[in-house]
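The structure under discussion appears below in the form of structure tokens.
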Amino acid sequence: IKFADMELIGIPHRIVIGDRSLTEGQVEYKQRTEADAHNIPLHNVIDFLRDKLDLL
């Protein structure tokens, strides 16, 4: 699915796992309601997502 399509559908969370971010030990996270994306360390991804989903 393309990022523009995700915006049209209204998917609230986006996690991008790419070669570059993986070599840096991170994933990219973007919440639909926020302007900026955040790089999250791999070892914190699960806790970070739990916290985000608990806020909903």
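The values are calculated or read from the model by the stated rules, or taken from the named source; none is laboratory data. Bear in mind the structure is a predicted one, so any value in this text is a computation, not a measurement. Every residue, glycine as well, gets a Cβ built from its backbone with ideal geometry; the counts of neighbours run over all protein chains shown.
Points worth noting:
- Scanning the stretch 1-20 for residues that are closer than 11 Å to R32 by Cα and either basic (K, R) or at pLDDT below 80 (or both) yields F3, M6, E7, L8, G10, R14.
- Among residues of the stretch 1-29 that are over 20 Å from L55 (Cβ atoms), those with a Cβ under 9 angstrom from a residue that is among the small types (G, A, S) and part of a loop (DSSP other than H, G, I, E, B), sequence gap 6+ or separate chain, pair up as V16/A37.
- Here I15, I46 are screened, and the one residue that is in contact with a Leu (Cβ under 9 Å, 6 or more places away or on another chain) and either of a type in the set (A, V, I, L, M, F, W, C) or at positive phi (or both) is I15.
- Within the stretch 33-56, being of a type in the set (D, E, K, R), loosely packed, with under 12 Cβ neighbours inside 10 Å and under 18 Å from I11 (Cβ atoms) holds for E34, D36.
- When the stretch 1-50 is filtered for residues that are of a type in the set (D, E, K, R) and part of a helix (DSSP H, G or I), the ones remaining, listed by number, are D5, E7, D19, R20, D47, R50.
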